[in-house]
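Undergrad: Could you have a look at this structure, given as C-alpha cells, before my questions?
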Amino acid sequence: MNIFSKKSVYYRLKIEMKIRFITAFHLGSGMEGEAGSDNGIMTDPNNMPFLPGSSLKGIFRSTVERLLSTLQLENIWACGLQNGLYTTKPCIGGGVTKENTTYHEANKQYQDSNGSNTTLIEQNCCSACQLFGSPLTAGRLYMDDAFLQNPDEFVLSKRDGVGINRDSGTSMDSVKYDYDVANTGLKYAISMEAQEVTEEEMGLIALGILEWKHAGIRIGGKTTRGLGHAIIEDISVSHLDLTKAEERKAYLLKGEMKKETNVDEFFQEKIDKIIA
Ligand SMILES: [Zn+2]
C-alpha cells in the first residue's frame, strides 16, 4: 500500500448546468480551420464545436484557485500548481522536484512510520490538488465533454488577428493571422461530478459555481478581446449517499440520484461552512 491509494466511493455530488455563449468563441484545435483559417476550433465527430471536459475542469480549477488566493482561508488553500504560482507553500501535489521540500518531508515521515501514517496526504496536499488532482494524487472531481445543444444555430466564421510584439505591446503588421470562431448564442449542458467530497470541498465547489453564475465563464482563447463569454442559465444539483438504504435502492434499481429542490440554499449552506 502507498499513501496515494484510492478509497471506495460512497458519496457522489453531481452538478449540471445549462450555459449560453453571449459572445463568439474560439477554443483552438491547434490545427488549420474548417473556415480556411490558420487556427481551427475543437469539433466533435459531427463537426460541431464542443467543449472538452478537461478544458472545462481547468477553467473551474482556475476559478477556485483564484478565489482561494483572495480569501486566504485558514485550512483550505491552493498551492497554485495549475497557475504556477506557489502561494503559501508547495504541496505534495507539486511532485518530486528538488525544491518541493513538502514532498520530501512527507515522504520521510511516511518511511519513518513504516507506511502506517496515511494521513500525510491530507496534511501536506493543498485543497485544490486533493479535489482536482495533481501529478501525484488522483482528483475526485470529473467533468464531461459538453456537446452543442442547438446545432441548427451554429455558424462558423473567420476572423483576422494581428500579431502583438510581446516586448513593446505594439502590433506587428507583418504578422497577420486568422482564426475560426463559433457564433454567439450557442448552448451547452455542462456536467460535473465530485466523489467522496468533504463539507469543505463542497463549499469550494459551491464558491466556484456561484462565481461562474455571477461573473460568467470565460472559455477558450482571446477572452481578453471579448471572445468566449458564456453565462449560466440553469443549475441543478443531485447527490447520492450509498450508505443510505433508500438512496442506494433508488440508484441501483432506477439509476436515480436525489435531486436538491433548493439549489441556492444548498450552496449557501455549504459556503457558510467555510466562510464565517
Ligand atoms: Zn497543491
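Undergrad: If residue 185 satisfies every condition in (1) at negative phi; (2) assigned to a loop (DSSP other than H, G, I, E, B) but one, which is the exception?
TA: With (1) at negative phi; (2) assigned to a loop (DSSP other than H, G, I, E, B) applied to residue 185, the lone miss is (1).
Undergrad: Also: I'm trying to understand the selection: among the residues of region 111-142, which are within 16 Å of the ligand (Cβ to nearest atom) and in contact with an Asp or Glu (Cβ under 6 Å, 6 or more places away or on another chain)? Give the steps one after another, and end with the answer.
TA: So in region 111-142, the residues within 16 Å of the ligand (Cβ to nearest atom) come out as 120-141.
Residues satisfying the conditions are 128, 131, 140.
Undergrad: Hey, another quick one. Just checking, how many residues over region 214-245 are buried (at least 17 other Cβ atoms within 10 Å of the Cβ), at pLDDT 95 or above and part of a strand (DSSP E or B)?
TA: Number satisfying all stated conditions: 7.
Undergrad: With the condition kept exactly as written, say whether any residue in region 94-101 is hydroxyl-bearing (Ser, Thr, Tyr), at pLDDT below 85, within 16 Å of the ligand (Cβ to nearest atom) and farther than 25 Å from residue 214 by Cβ. Even if it seems obvious, please write down each step before you answer.
TA: Narrowing region 94-101 to residues hydroxyl-bearing (Ser, Thr, Tyr): 97, 101.
Okay, now just the ones that are also at pLDDT below 85, so 97, 101.
Among the residues that remain, those that are also within 16 Å of the ligand (Cβ to nearest atom) are: 97, 101.
Those left that are additionally farther than 25 Å from residue 214 by Cβ: 97, 101.
Yes, there is a match, as at least one residue in region 94-101 is hydroxyl-bearing (Ser, Thr, Tyr), at pLDDT below 85, within 16 Å of the ligand (Cβ to nearest atom) and farther than 25 Å from residue 214 by Cβ.
The values are calculated or read from the model by the stated rules, or taken from the named source; none is laboratory data. On a predicted model such as this, the values are computed, not experimentally measured, just so you know. No Cβ is skipped: glycine too gets one built from the backbone with ideal geometry, and neighbour counts run over all protein chains shown.
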